[in-house]
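Take a look at the structure below.
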Amino acid sequence: MPENIFPRAAIDTRHRAGMIGTLFDYFLDWMRKRGYSISTMRAKMQSITLLGKYLERRGIRRIAELQGTRGQRLLSAYQKHWKSKGCWRRSSTPRLCMRALEEAGVLNNRGDSNRPMFFQISRYTTYLGRQRGLSESTVRSHTYWTERFLKFLGCSQGARHLPTFQIADVDRFVEREGTRLESGTQQLLAGALRGFLHFLYLSGERRTDMSSLVTSPRRYKLQSLPRVLEWEDVEKIIDSVNLSTRAGPQHYAILLLLTTYGLRAGEVARLRLDDIDWRKEIIHVAPGKTGKDLYLPLTAQVGNAILAYLKNRRPASQYREIFLLTCAPWTPLKSTNIGYVVRRHLDLADLDPPHRGPHLLRHSFATRLVRHGATLKEIGDLLGHRDPDSTHIYTKTATNRLQEVALEIPEIDHVE
């Protein structure tokens, strides 16, 4: 049983009362395992108790009711209320509470609120991943646009049958969404709809295949330049890290991985402790967008940075991912967290490029290789490109004269 964080018996008893209070000990144990301090645990339990009283006053008597439509509506209203008052700690309580209850198995995380718009969506995502070989992020993108389209049609949650629609309905949806999207994103939207319409035909849901009728704006190959930084500016970003701060060693290791290998944000976030072979000095990058394993040489600078983070700043955790949040709960970083690191140090380096994401560093890395005389094949292998044409875009950024001294390119091994 977790330690008693409320020394006074009367206070402890008050927190154990009611529907939420019956899980008092579980909530404490859940937070303790995720690295919350005693003071934070006290504050969180006070917020959870307040949430429980709010729900009971509005007629919620059983935990299971939180998964129903009424429970979800009350949780959403509670969250919005405290957000409007600028009280972020209390506004985040419903999310923390639901997450803990789902992990405990008290609530089913596949409840009504998480059901797909159409029962065939789960089969569709399996088709995209296994038969078409799309990456997890691409599958999420296709699913996102597909469900927006189904909502547009008036499809109800978990529907067994699709509403009747024609290509004119598809065109209206594309036109409505397209007004707020750039041409590249419009193409992603159109591609997602074509994929879903073709799936409906293959699965027998539609008698005709309307996928070829979906139009998207013409976008010419290599029509736009990738945004890049001069390498001196990239070095300013790395130099902006203060290694004496709590987050410094982690940020330094992340930025080195992005700039030394040109990794994607998701590839950095997914790196696991087992992916580094310290004896052979190799980093394994798990299959992501390209579906290929990539093995990169572990440079001394990157290795030392990761080791310093692991020894001095990474908390003990059940997770095998290398990079964890710097405050409780100590869960693995996501791509969005990697993006924050890049934006944070762009600001510290006093740089304000039009695009501020991790791909800015990837593009800058590739452009530097072109300017130092690396072949497109070498660059494509290092970046893990599946299509050689993906590398050609970087030749447009190398407008400066190629330097005579070539940059040493490490050998790359692929496992199909």
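Data table
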item: Relative contact order, percent, the stretch 121-213 [alpha-carbon distance under 8 Å, six or more residues apart]; result: 26
item: In Hz, Karplus ³J(HN,Hα) per residue of the stretch 166-180 (6.51, -1.76, 1.60; θ = phi - 60°; x = Gly, Pro); result: 10, 4, 5, 5, 4, 4, 5, 5, 4, 5, 5, 6, x, 5, 10
item: Value of relative contact order over the stretch 9-112, rounded to a whole percent, pairs C-alpha under 8 Å and six or more apart; result: 26
item: Three-way shape call for the stretch 62-202 based on the alpha-carbon gyration tensor, with the a/c threshold at 1.5; result: prolate
item: Scattering curve values for the stretch 133-177, log₁₀ I(q)/I(0), Debye with Cα scatterers, q = 0.16, 0.19 Å⁻¹; result: -0.50, -0.68
item: Prolate/oblate/rounded call for the stretch 228-323, Cα gyration tensor, a/c under 1.5 rounded; result: oblate
item: Amide H contacts under 5 Å for Asp293, placed H, 5+ residues apart; result: Val415
item: Potential extension, Glu281-Arg227 segment - 0.36 nm per residue separation minus Cα distance; result: 16.3 nm
item: Dipole of the stretch 121-213 [Lys/Arg +1, Asp/Glu -1 at C-beta], most positive-end residue of Leu202, Ala192, Val170; result: Leu202
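Since every read-out is calculated from the coordinates, none of them should be taken as a lab result. Please read all numbers here as calculations on a predicted model, not as lab measurements. Neighbour counts are summed over all protein chains in view; Cβ atoms, including those assigned to glycine, are modelled from backbone coordinates with ideal geometry.
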